[in-house]
Amino acid sequence: YPASTSRTPPSALHILEHVFGYPAFRGEQQAIVEHVAAGGDALVLMPTGGGKSLCYQIPALMRDGTAIVVSPLIALMQDQVSALVEAGVRAAFLNSSLDMDAARAVERALWDGELDLLYVAPERLMTPRFLDQLDHLRDTHRLALFAIDEAHCVSQWGHDFRPEYLQLSILPERYPSIPRIALTATADRQTREEIAERLNLTHARRFVSSFDRPNIRYTIVDKDDPRRQLLNFIREECPAQAGIVYCLSRRKVEETAAWLQEQGLNALPYHAGMTQEMRAEHQTRFLREDGLIMVATIAFGMGIDKPDVRFVAHLDLPRSIEGYYQETGRAGRDGLPAQAWMAWGAQDVVQQRRMIDESEASEEFKRLARNRLDVLVGLVEATTCRRQHLLAYFGEESGPCGNCDNCLNPPQTWDATEAARKALSCVYRTGQRYGAGHLIDVLRGELTDKVVERGHQDITTFGIGNELDEKRWRTVFRQLVARELVAVDHERYNALRLTDAARPLLRGEAEFHLRLERERERGKSRSKRR
Ligand code: ADP
Ligand code: ZN
């Protein structure tokens, strides 16, 4: 893009057309671009594939000087920069993949004002050497803006926490007049507030796009004979289509891929234990060939831009709702109908809980991981619209979608109103200070050490719930959390407290229904126990 010497800067639309080759903006892109180009701060929440990059790339070209883009992923930086350079934009990156000479050359270009955009890793940005350079740019009025990509990395509660991101609050202190735009595709309400706070963007204008992917049909089935169920799903719903099958372990990836091949399907494995060449080859084949099925761990998918993936299947529970959303979001990027299919069983939850318990992480982190898992289980056990659940997680209200299994085939339910009321009143009577485990002990009248120690055998809710077993109670509590009738206090040992939304149920003005497990399943687990 020729550096403009004229006084009037090129318009956003002009740049969109002539540099990037697109005829029109998408969604809120134009509003964001104009806001930032005019010097405003912005916090942008937009799903993956929504088009976040242009939101800072175009203002970077509209404003004088160089835009600094903070990005945590070396691979993504390289992709972005190559694409920009190809489009004629003067872009470069600075990260640990460059040797000393290459890094010096980039620094010189920056100093000489030869860059429109510079992508930089956060730890590099914070070095005194780099900050000196930024000071020089500021003093010569050649700092266009700061873009902070993957802004959720600043959140300690998130799964991608990067401590260097915390230091980015230095930017508004040191460069108060330079506009900042923070962008992320994964942020529940809590994380959103945390981003705004930690990056000093509470005053920034927020642009929240819908996270809905209406062309994706969500289906979650009980695990029975998972491989066979997967095969039936593929044969009946998406024969000869490109898809991704996610498994938790490398071994299961290998076995599932081999088994699908035996069944005559065109499937390949992908996981971090394979050689670099093998992975690259399988990825290229997935992108180029029609109707290939990639059986993979979550190592696969980041930054893969294949628009016509027709299905994403999960043979194991993802780790969180965000994970599920990101992974299923790789289906149907072209906007045509696509499917997100998952088989899950209670055993998966047990397994993941054990993995959390046995991990080396801090207690605090484990608590969060357990909570994330519970919220996800809330989704798989839901009896109402899956999409509503998913969107509610991102703080978005919506009606039933008509394009998920629960909308299309409403499940059988049992009336858990009475149980839920007992649970809520137990939360209340014990002072809203305990987690589900202890509350269930109280409800079931278990004289555990903790119950006796706190004197909970003497409160009115002690022993009023022994008609349900522990597993059923777990379901009740999980759904109370999932539907936000109770809130979890992460900082106090996952203690539960009532929310305003619990009132109608406590007053007898609302009902509470839970999915009925299929008799076959329950019969099976009973006979196993014997
Ligand atoms: P995100 O960072 O939000 O995941 P990207 O910025 O990588 O999304 O954009 C996703 C894809 O959409 C890219 O291929 C990009 O070129 C394309 N895209 C973005 N904005 C537009 C637009 N206004 N018109 C057409 N394609 C667009
Ligand atoms: Zn629905």
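FYI, it's all coordinate maths here, none of it is from the lab. In this text, all values refer to a predicted model and were calculated from it rather than measured experimentally. Cβ atoms come from the backbone with ideal geometry, glycine included; neighbour counts cover every protein chain shown.
The base-10 log of I(q)/I(0) for the stretch 1-143, evaluated at q = 0.16 Å⁻¹, reads -0.88 [Debye formula, identical scatterers on Cα atoms, solvent excluded]. Pairs 252/366; 306/471; 52/366; 252/471; 52/252; 366/422: which exceed 30 Å Cα-Cα? As for pairs spanning more than 30 Å Cα to Cα, those are 306/471; 52/366; 52/252.
Apply 1/(1 + (r/R0)^6) to the Cβ-Cβ distance of residue 363 and residue 136, taking R0 = 60 Å, and write down the FRET efficiency to the nearest 0.05.
With R0 = 60 Å, the Cβ-Cβ based efficiency is 0.85.
For the stretch 231-319, the direction-averaged projected area of the alpha-carbon convex hull comes to 5.5 nm². For the stretch 323-418, the convex hull spanned by the alpha carbon atoms encloses 152 Å³ per residue.
Ranking of 511, 254, 322 by neighbouring Cβ atoms within 10 Å, starting from the fewest: 511, 254, 322.
Hey, what D do you get for the stretch 286-369 in µm²/s if you plug the Kirkwood alpha-carbon radius into Stokes-Einstein at 4 °C and 1.567 mPa s? Each step should come with its number before you reach the end.
Working: Rh = 14.5 Å.
For the chosen part, D equals 89 µm²/s.
Counting every alpha-carbon pair across the stretch 383-525, the share separated by more than 21 Å comes to 48%. Relative to the longest principal axis of the Cα atoms of the chain, the long axis of helix 519-529 lies at roughly 80 degrees. Spin-label model, residue 156 to residue 284: label points 7 Å out along the Cα-to-beta-carbon direction sit 4.5 nm apart. Contact order for the stretch 313-401, expressed relative to its length and based on alpha carbon pairs under 8 Å spaced 6+ residues apart, stands at 29 percent. Taking every alpha-carbon pair in the stretch 171-279 and binning the separations at 10 Å intervals from zero gives 10, 27, 19, 20, 17, 6, 0 percent.
For the pair residue 105 and residue 225, what calculated FRET efficiency results from E = 1/(1 + (r/R0)^6), where r is the Cβ-Cβ distance and R0 = 56 Å, to the nearest 0.05? That pair, residue 225 with residue 105, gives E of 0.45.
In angstrom, the C-alpha Rg and Dmax of the stretch 440-484 are 11.3, 31.
Each of 327, 197, 363 was scored by other Cβ atoms within 10 Å of its Cβ. Listed from fewest to most, they are 363, 197, 327. A simple charge model with +1 on the Cβ of Lys and Arg, -1 on the Cβ of Asp and Glu and nothing else charged puts the dipole of the chain at about 1260 debye relative to its Cα centre. Magnitude of the charge dipole for the stretch 272-346, about its Cα centre and with charges confined to Cβ atoms of Lys, Arg (+1) and Asp, Glu (-1), is about 60 debye. Projected onto its three principal axes, the C-alpha set of the chain covers 78, 57, 41 Å, listed from the longest axis down. Comparing 81, 331, 70 along the charge dipole axis of the chain, the residue lying farthest to the positive side is 331, per the Cβ-charge model. Taking the fewest neighbouring Cβ atoms within 10 Å as the starting point, the ordered list for 429, 372, 189 is 189, 429, 372. Calculate the FRET efficiency for residue 351 and residue 78 from the Cβ-Cβ distance with a Förster distance of 45 Å, rounded to the nearest 0.05. With R0 = 45 Å, the Cβ-Cβ based efficiency is 0.80.
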